[in-house]
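A short write-up of the structure that comes next.
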Amino acid sequence: MSKQEGITTKKDKDFSEWYTQIILKGGLADYSSVSGAIILKPRGYELWEKIKEEVDKRIKKLGVKNCYFPLLIPESLLSKEKEHIEGFFPEVAWVTEAGNSKLNERLAIRPTSETIMYDSYSKWIRSWRDLPLKFNQWNNVVRWEFKHPIPFLRTREFLWNEGHTVFATKKEAEAEKDQILKVYHEVLNDYMALPGIVGKKSKKEKFAGAEYTVSVEFYIPNGKAIQGPDFHHDGQRFSRAYDIKFLNKDGNEEYAWQNTWAITTRMIGVMIAMHSDDKGLIIPPKMLKNKVVIVPILFEDSKSKVIKEAKTIESKLKKYGAFVDLRDYKPGYKFNDWELKGIPIRIEIGPKDIQKKQVVLTRRDTNKKEIVKIKDIEKKTENVLEDIQNNLYKKSEKLLKNNLVKVKDLKEFKEAIKNKKLALAPFCNTIECEDIIKDKYNGVKSLNSPLDQKKGKNKCLFCRKEADSLFYFGKSY
């Protein structure tokens, strides 16, 4: 493989160019003819399928059922909840014509589905016996953002899940928060090797229409933060706007309590940005079907013998999706190609290895090579894959912890931001103050307020008003 075919820039020198090359040359995605909309190639879509599979089986255990609602939403429905529509209106793409005919009413291309789903919920929910109602969609949404598009991290169309649940009481609705966050935590930590900060969003940054939003925020190696999965407690805002009422056990009419929650294809980009290096993709083994590639070193006089042994090893490692690369390329090209594409383990075997009853095993996370006896290959592969998974998590955890700074004054705050760290500071949580912060500190914004903090009497670092919570601040996608 030529240098031009591989990654031609450094992660710590030009992160943006490095990231783009990683995504495109690693075969995960490509640009389409629609600005801001990417094509997920099979290797990229496989990662989404894994996220979907692991989240889906967990939410089903919670009694959530999958459904599907239309892509097109009448403007009259979208406009019923004032804060919601104001939050999304700038990003909505509209259908105004069909064939040669103008539509009587504009149709929004789904930016999110609260409005069309809750119109139906108001018809389906009549009694406390109809609750809880727990529906989820796996679908695509369009948000016509005008910021610079970045594959996976910021695109105009993306894939996600959107859970929309309804309860009889506030207590039941809020109890779902820990259940959903646990689902996302298990997938993010155990599969994607991504530790994050769980906390409540500020009034300015919460989901439009929600009472409050709890998010998971991540620190990317270029010094920026990015939001991951989130949980929104909507209270009775949407039930009042869309008339979702029920008769309680005493025969009295009440408005229902609601939640929404989601994880998106953005997490693929976060995972790739976090783990990958200057040689190409590094992907946690649990995210991949094919975790092992076997590269035979072939010569005419021993070709059939080496291929036969390679196939035997492939069979032994079948549960790890092992495969033999028999493409008509030189071994060096194959080594570089699989490094670029992030296969966790590469096994090399040639005629001399067969004589010694061994193989050469290379792990992608550290690029460390070692000699392994063929008789030990199954156990060794299992152990190395587990170690790669754990190592990637520990490395990400260390990066996060090393870039969190608690600050006590504006001088320390400015220093933390300058050094591309996330600053934990007392904040009054007013929209007016946050607008000033964003303007004064070149786009810095609040990320979230950690759930596990001890509340205390503090003064907001920025306006000196009373602040009982600490918030993380930083530059963000």
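The values are calculated or read from the model by the stated rules, or taken from the named source; none is laboratory data. Since this is a predicted model, take the numbers as computed values, not measurements. We place every Cβ from the backbone using ideal geometry, glycine too, and count neighbours over all the protein chains shown.
Mind listing whichever residues of the range 188-202 are hydroxyl-bearing (Ser, Thr, Tyr) and not in a helix (DSSP H, G or I)?
Of everything in the range 188-202, just one residue is hydroxyl-bearing (Ser, Thr, Tyr) and not in a helix (DSSP H, G or I), namely 202.
Quick check on this structure: which one of 172, 211 is modelled with pLDDT of 95 or more and either of a type in the set (S, T, N, Q) or in contact with a helix residue (DSSP H, G or I) (Cβ under 9 Å, 6 or more places away or on another chain) (or both)?
The unique qualifying residue is 211.
Among 102, 123, 65, 80, which is basic (Lys, Arg) and within 28 Å of residue 181 (Cβ to Cβ)?
65
For the range 307-320, give me each residue that is touching a strand residue (DSSP E or B) at 6+ places or on another chain (Cβ under 7 Å) and either of a type in the set (Lys, Arg) or closer than 30 Å to residue 7 by Cβ (or both).
Initial filter on the range 307-320 (touching a strand residue (DSSP E or B) at 6+ places or on another chain (Cβ under 7 Å)): 307, 309-311, 313-314, 317, 320.
Across the range 307-320, the qualifying residues are 310, 311, 313, 314, 317, 320.
Could you please find all residues in the range 126-149 being more than 26 Å from residue 243 (Cβ to Cβ) and buried (at least 19 other Cβ atoms within 10 Å of the Cβ)?
Once the filter is applied, which keeps residues that are more than 26 Å from residue 243 (Cβ to Cβ) and buried (at least 19 other Cβ atoms within 10 Å of the Cβ), the range 126-149 yields 142, 143.
Pairs only if they're at least six apart or on different chains, beta carbon under 7 angstrom, first in the range 38-66 and without any contact (Cβ under 8 Å) to a residue 24 or more places away in the chain, second outside any helix (DSSP H, G or I); list them, first residue then second.
Final answer for the pair search is 39/29; 39/30; 39/32; 41/27; 41/28; 41/29; 41/30.
Tally up the residues in the range 328-347 that are outside any helix (DSSP H, G or I) and touching a helix residue (DSSP H, G or I) at 6+ places or on another chain (Cβ under 7 Å), please.
Filtering the range 328-347 for residues outside any helix (DSSP H, G or I) gives 328-330, 342-347.
In the following step, the residues that additionally are touching a helix residue (DSSP H, G or I) at 6+ places or on another chain (Cβ under 7 Å) were identified as 344-347.
So the count comes out to 4.
Residues that are among the β-branched types (Val, Ile, Thr), modelled with pLDDT of 95 or more and more than 22 Å from the chain's Cα centre (by Cα): does the range 405-416 have at least one?
Yes.
Can you name the number of the only condition in (1) of a type in the set (D, E, K, R); (2) touching a helix residue (DSSP H, G or I) at 6+ places or on another chain (Cβ under 8 Å); (3) within 29 Å of residue 187 (Cα to Cα) that residue 420 fails?
Residue 420 satisfies all of (1) of a type in the set (D, E, K, R); (2) touching a helix residue (DSSP H, G or I) at 6+ places or on another chain (Cβ under 8 Å); (3) within 29 Å of residue 187 (Cα to Cα) except (2).
Return yes or no: is residue 121 assigned to a helix (DSSP H, G or I) and either in contact (Cβ under 8 Å) with a residue 60 or more places away in the chain or in contact with a His (Cβ under 6 Å, 6 or more places away or on another chain) (or both)?
yes
Does the range 316-327 contain any residue that is among the hydrophobic types (A, V, I, L, M, F, W, C), crowded, with 17+ Cβ neighbours inside 10 Å, assigned to a helix (DSSP H, G or I) and in contact (Cβ under 8 Å) with a residue 24 or more places away in the chain?
Checked against the condition, which is being among the hydrophobic types (A, V, I, L, M, F, W, C), crowded, with 17+ Cβ neighbours inside 10 Å, assigned to a helix (DSSP H, G or I) and in contact (Cβ under 8 Å) with a residue 24 or more places away in the chain, the range 316-327 yields no hits at all.
Return the residue satisfying two criteria in turn: it lies in the range 369-390 and is crowded, with 18+ Cβ neighbours inside 10 Å and among the polar types (S, T, N, Q), and of such residues it is farthest from residue 439 (Cα to Cα).
Residue satisfying both the conditions and the ranking: 381.
Among the listed residues 420, 401, which satisfies the condition of being out of contact with any strand residue (DSSP E or B) (no Cβ under 7 Å at 6 or more places or on another chain) and surrounded by 13 or more Cβ atoms within 10 Å (Cβ to Cβ)? Before the answer, list the steps.
Values: 401 fails: surrounded by 13 or more Cβ atoms within 10 Å (Cβ to Cβ).
Unique residue meeting the criteria: 420.
Of all residues being buried (at least 16 other Cβ atoms within 10 Å of the Cβ) and part of a loop (DSSP other than H, G, I, E, B) in the range 10-36, which is nearest to the chain's Cα centre (by Cα)? Just the residue, please.
28
Inspect all residues belonging to the range 187-195 and state whether any of them is at pLDDT 95 or above, buried (at least 17 other Cβ atoms within 10 Å of the Cβ) and either among the basic types (Lys, Arg) or over 19 Å from residue 273 (Cα atoms) (or both).
No: zero hits.
So which residues in the range 91-103 are modelled with pLDDT of 95 or more and β-branched (Val, Ile, Thr), if there are any at all?
95, 96
Please work out which residue is nearest to residue 208 (Cα to Cα), limiting yourself to the range 232-261 and to residues that are surrounded by fewer than 19 Cβ atoms within 10 Å (Cβ to Cβ) and polar (S, T, N, Q).
236
Given the residues 183, 166, which is the only one that is crowded, with 21+ Cβ neighbours inside 10 Å, within 27 Å of residue 54 (Cβ to Cβ) and out of contact with any strand residue (DSSP E or B) (no Cβ under 7 Å at 6 or more places or on another chain)? If you could, list the steps in order and put the result at the bottom.
On the way: 166 fails: out of contact with any strand residue (DSSP E or B) (no Cβ under 7 Å at 6 or more places or on another chain).
Selected residue: 183, the only one of 183, 166 that is crowded, with 21+ Cβ neighbours inside 10 Å, within 27 Å of residue 54 (Cβ to Cβ) and out of contact with any strand residue (DSSP E or B) (no Cβ under 7 Å at 6 or more places or on another chain).
Here are 388, 431: which of them is within 29 Å of the chain's Cα centre (by Cα), within 30 Å of residue 338 (Cβ to Cβ) and touching a residue at least 60 places away in the same chain (Cβ under 8 Å)?
Of 388, 431, the one residue that is within 29 Å of the chain's Cα centre (by Cα), within 30 Å of residue 338 (Cβ to Cβ) and touching a residue at least 60 places away in the same chain (Cβ under 8 Å) is 388.
Pairs only if they're at least six apart or on different chains, beta carbon under 6 angstrom, first in the range 243-265 and farther than 30 Å from residue 188 by Cβ, second of a type in the set (S, T, N, Q) and modelled with pLDDT of 95 or more; list them, first residue then second.
Here the result reads 243/122; 244/122; 246/127; 247/127; 254/248; 255/236; 255/239, each pair linking the range 243-265 to a residue that is of a type in the set (S, T, N, Q) and modelled with pLDDT of 95 or more.
Does any residue in the range 450-477 that is touching a residue at least 40 places away in the same chain (Cβ under 8 Å) and surrounded by 13 or more Cβ atoms within 10 Å (Cβ to Cβ) come within less than 6 Å, Cβ to Cβ, of a residue that is part of a loop (DSSP other than H, G, I, E, B) and among the polar types (S, T, N, Q) six or more places away or on a different chain, and which pairs are these?
Within 6 Å, the pairs are 470/453.
If I ask for residues that are modelled with pLDDT of 95 or more, assigned to a loop (DSSP other than H, G, I, E, B) and either more than 25 Å from the chain's Cα centre (by Cα) or surrounded by fewer than 19 Cβ atoms within 10 Å (Cβ to Cβ) (or both), which ones from the range 40-90 would you list?
41, 62, 63, 67, 68, 69, 70, 71
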